[in-house]
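Beneath this line is the structure, given in structure tokens, with notes to follow.
The values are calculated or read from the model by the stated rules, or taken from the named source; none is laboratory data. Only a predicted model underlies this, so the values are computations on that prediction, with no experimental measurement involved. Cβ sites come from the backbone with ideal geometry, for glycine too, and all protein chains shown count toward neighbours. Side chains are part of the model used for accessible areas, which takes the heavy atoms of the whole protein and leaves out ligands, DNA and RNA. Shrake-Rupley method; radii C 1.70, N 1.55, O 1.52, S 1.80 Å.
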Amino acid sequence: MNRQNGTDRAQRPYDVVLFGATGFVGALTAEYLAAHAPEGCRWAVAGRSRQKLEQLRERLAARHPGCAGLPLIEADVNDPEALRQLAESARVVATTVGPYLLYGEALVAACAEAGTDYVDLTGEPEFVDLMYVRHDARARETGARLIHACGFDSVPHDLGAYFTVQQLPEGVPLRVDGFVRSNATFSGGTLASALNAMGRGRQMLRAAHERRLHEPRLVGRRARAPLGSPRFSRETGAWALPLPTVDAQIVARSARSLKRYGPDFRYRHYAAVRTLPMAAGGAAAVGALFALAQLPPARRWLSERIKPGEGPDEQRRAKSWFSVRFVGEGGGHTVFTEVSGGDPGYGETAKMLAESMLCLAHDQLPDTSGQVTTAVAMGDALLERLQAAGIRFRVAATR
């Protein structure tokens, strides 16, 4: 049943369900929901271990007594019937269970079939492209919104570019560059996803090609995200290293869907490094990691250094920060903007995922369905939520 004329969604037991709630990022997201879900929000946590779910509920209830009766849902990624029931029980389902290429598709399929909004934290381009090819059409039929990359991949970049575009003239070609800086560390789950993606170069290119065959052509407009080349950025006073991550692809897809990005939009995505030796060392380290990821024994050895479910402690996360600076140009105008916050991979990612869930469940949003981006599906509403939650979007200068 289509979301626009279907009443079954409002009658479902839960507004939002968090799947993978007992993992590292999942538990942080559950803690955020316990503290910030609005009164009357019907939410539940889900995972494969009843015992771990009960332990999570006890920890949440110790800080938030209202969570003593928090509903628990047992479901496993290898149990399609349990995932079907999970999707049919909620208006919005979020999952932190990765690597998504290995564990993600069954839940996407269940949500697309049930007309349930779906959000995740994937940064895996191959997964996003495959889900578009396999499930976008059905999600459009049922009214489900499938929204990937709702954490540090790729909310600050997608909404940051969206925010930057709003500061520029309409109806003219626009150029936006994003420069990322952070001092954060990563968890075992993030490392596992990155290594898995690095070891699948051919499959990733094949999935991207298949997506292009299915996507409708953009008529009368252009939106692209070329990789760019290493350079010194006078705008930011740093060396800019191209980042071949999913973020730039997400920004370009938002630009394809929203006419506000102008008739000819280009986005480039960089890591900003202060000194040339640091830039050279960073590039060498990434190259070495990519090379090792091609060898299954080396990939397994690397993934065992930090196991999924492990991550930086609270003290380390409290010292972490991120900043994404944007330079936007168009119509003779230049604008400098910035998105910044605390620990990007965990504290702020949990915040972004939770606010995305709440936004989909409770806010007035554009009429969209199928695989869409955060900017297209939630836009101003999510931007306002994140600003209220402490993530800063600001205009630094114009000229």
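At 1.4 Å probe radius, can you tell me the per residue accessible area of the stretch 1-92 in Å²?
Accessible area per residue, the stretch 1-92: 51 Å².
With every protein chain present, what accessible area does ARG317 have (1.4 Å probe, heavy atoms only), rounded to the nearest 10 Å²?
Rounded to the nearest 10, that gives 40 Å².
Taking a 1.4 Å probe, which of GLU170, GLU329 shows the most accessible area, and what order do the others take after it?
The most accessible residue leads, giving GLU170, GLU329.
Express the carbon and sulfur contribution to the solvent-accessible surface of the stretch 120-173 as a percent, rounded to the nearest whole number, probe 1.4 angstrom.
Carbon with sulfur: 44 percent of the solvent-accessible area.
Could you give the length gained by full extension between ARG221 and HIS36, i.e. 0.36 nm per residue of separation minus their alpha carbon distance, to one decimal place?
Taking 0.36 nm per residue and subtracting the Cα distance, the gain is 62.6 nm.
For the pair GLN364 and GLN85, what calculated FRET efficiency results from E = 1/(1 + (r/R0)^6), where r is the Cβ-Cβ distance and R0 = 25 Å, to the nearest 0.05?
Here the calculated transfer efficiency is 0.30.
Ignoring everything but the protein chains, give the 1.4 Å probe accessible area of VAL219 in square angstrom, nearest 10.
Ignoring ligands and nucleic acids, VAL219 comes out at about 130 Å².
Taking loop as defined by DSSP and a crowding limit of 16 other beta carbons within 10 Å, which trypsin sites (Lys or Arg not before Pro) in the stretch 5-96 fit?
ARG42
Between GLN387 and ALA62, what length comes free when the chain is fully extended (0.36 nm per residue of separation minus the Cα-Cα distance, one decimal in nm)?
114.2 nm
At 1.4 Å probe size, with every protein chain present, just tell me what the per residue accessible area of the stretch 124-181 comes to in Å².
26
Could you give the length gained by full extension between GLU210 and PHE232, i.e. 0.36 nm per residue of separation minus their alpha carbon distance, to one decimal place?
4.4 nm
Rounded if a/c is under 1.5, else prolate if a/b is larger than b/c, else oblate: which is the stretch 1-86, with a ≥ b ≥ c the root eigenvalues of its Cα gyration tensor?
Verdict is oblate for the stretch 1-86.
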